[in-house]
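Just so you know, all these numbers are worked out from the coordinates, no wet-lab data involved. Model, not experiment: these values are computed from the prediction.
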Amino acid sequence: MGYGVAPIGLGLAGRGEIYILRTASRGVRPCHATRPVFREASVLMNEKSPSMNERVMPMRPLLPPDYRPSEKEPFMNPMQLEYFRQKLLGWRAELLQESTETLQHLQEESLAEPDMADRASLETDRSLELRTRDRERKLIAKIDDALRRIEDGSYGFCEETNEPISLRRLEARPIATLSIEAQERHERMERTHRDD
């Protein structure tokens, strides 16, 4: 593509993506990645790095508004990875917004209800809301794990078998780490151990 190769020692990674190398003294210039790992835009430095002011940022593909991953394209190509990355980030932002609203609601609400039945009802509602938010907090951690897997190139592959997870499963549950078959085996083992 004629962009040149990044300096040695930057620890660049990518699946043929073009990266933008930001250098404090030399401005911005594109360069090719040198190893087959997909990375988020971040500082990728090590001791051999020529300057601590250099940052490596991948150029992400632009997705058409109606894009949906299909079985016809190569599995976990840059378009699919970007699609799932955006889906996960949107889901995460939505959960964080709901969490913020819950905190504001709980701070505004007063437990100083004069009627005991009203106070008990309010405490029950508050407890249920806090349990829901706790489940969402755990879900955010799983979303963050999925985003890390997108960065390291393991997203979309079963943790047990290393086989691709179906696009339909990832579409329904983008944080999935197991294929349907592996998940069913896992659930059967849990039931067997629980019955013992």
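The length gained by stretching the chain between THR192 and SER154 to full extension, at 0.36 nm per residue less their Cα-Cα distance, is 10.7 nm.
Counting only the Cα atoms, segment 65-196 fills a convex hull of 152 Å³ per residue.
Working from Cα pairs under 8 Å separated by at least six residues, relative contact order for segment 120-196 is 21 percent.
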